[in-house]
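These notes are about the structure you will find just below.
The values are calculated or read from the model by the stated rules, or taken from the named source; none is laboratory data. Quick caveat: nothing in here was measured; it's all calculated off a predicted structure. For neighbour counting, all protein chains shown are included, and Cβ atoms are generated from backbone atoms with ideal geometry for every residue, glycine included. To get the accessible areas, we keep the full protein, side chains included, count just its heavy atoms, and leave off ligands, DNA and RNA. Shrake-Rupley method; radii C 1.70, N 1.55, O 1.52, S 1.80 Å.
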Amino acid sequence: MSASTEERLLDAALTLFAERGYEATSVRAILDEVGVTAPVLYHHFGSKEQLFERLVRWKHEEALVEMEEFVASPFGATERLRAILRGTFAFCVDEPRVTQLMFQTWYGPSASGLREIVHAHAERRFLLVAGVVQDGLDAGELRGGDAASLALVFCSLMDHHCGALARTEEPGRMLTPERADALLDVFLHGAGGGRRRAPALPPFAAAEGAAR
């Protein structure tokens, strides 16, 4: 079955927003990519900003629903955090354009209302992680701080790797389950006490990640 016009518009917008940023992507560029007229786009979305909002909801809702399943699982906090890390890495490998889009939105030219849309999804995601961390603290499985601070450290480790490595040429080689497990060990045991060493990055990837 061929994709609907709405899906094609969303997919084209995701590619262009990820590559160029929201401000630098014109409605005309999206129309040309899909091969439709302006009334067709405005029929489905109303405006360029509404298209962006639908795009964020479309992709991030998938990731949040999956994360909610991890959080609701009967396992301990450590295994749920492992599932979150592995799942987030897998999502970034499957759809690196989403990570690129978030990078463009946060660090590119500001557009009214767009960061608030992204922030609302990021806050929901953060609260899910903080809830798992709080469970770990309550059970004595985690220690060393309050839930909000530890969740911030966890998300920073995870998101930095996603942001840097999803923008390499081969994110699947970088964002592996083994690297997720190694990062979890760093979070749980510190840089000096981790039980695993993260797989070494190929020189080109390390240089590319640092440059970006």
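Can you tell me which of PRO39, PRO96, PRO171 moves the most in a GNM of the chain? Springs connect C-alpha atoms under 10 Å apart.
PRO39
Once R0 is set to 35 Å, what does the formula 1/(1 + (r/R0)^6) return for the Cβ-Cβ distance between PHE75 and LEU31, expressed as a FRET efficiency to the nearest 0.05? Mind dumping the intermediate values first?
Values: r = 47 Å, r/R0 = 1.35.
Efficiency for this residue pair is about 0.15.
Carbon and sulfur: what percent of the chain's accessible surface (1.4 Å probe)?
On the way: 5920 of 11080 Å².
So the carbon and sulfur contribution to the accessible surface is 53 percent.
For the Cα atoms of the chain, what angle does the longest principal axis make with the long axis of helix 114-138, in degrees from 0 to 90, nearest 10?
It works out to around 20 degrees.
To the nearest µm²/s, what D does Stokes-Einstein give for the chain at 37 °C and 0.692 mPa s, using the Kirkwood radius over alpha carbon pairs as Rh?
Working: Rh = 18.5 Å.
Taking Rh from Cα pairs, D becomes 177 µm²/s.
Quick check: residue separation of GLU169 and ALA148 times 0.36 nm, minus the Cα distance between them. What number comes out in nm? Mind showing how you got there, number by number?
On the way: separation 21, 0.36 × 21 = 7.56 nm, distance 3.37 nm.
Taking GLU169 through ALA148 to full extension adds about 4.2 nm, to one decimal.
List the GluC sites (Glu not before Pro) within segment 73-144 that fall in a DSSP loop (any state other than H, G, I, E or B) and whose Cβ has at most 13 other Cβ atoms within 10 Å.
On the way: sites: GLU79, GLU116, GLU123, GLU141; in loops: GLU141.
Answer in residue order: no site qualifies.
Treat every Asp and Glu Cβ in the chain as -1 and every Lys and Arg Cβ as +1, leave all other atoms uncharged, and give the resulting dipole magnitude about the Cα centre to the nearest 20 debye.
Values: 22 positive and 30 negative charges, 95 e Å.
That gives a dipole near 460 debye.
From the backbone phi of segment 152-162, what are the Karplus-calculated ³J(HN,Hα) couplings (6.51 cos²θ - 1.76 cosθ + 1.60, θ = phi - 60°) in whole Hz, Gly and Pro given as x?
Calculated HN-Hα couplings, in order: 5, 4, 4, 5, 5, 4, 5, 6, 4, 5, 4 Hz.
Given 0.36 nm per residue, what is the gain on full extension from VAL40 to ALA139 after removing their alpha carbon distance, in nm?
Net length gain for the segment: 30.2 nm.
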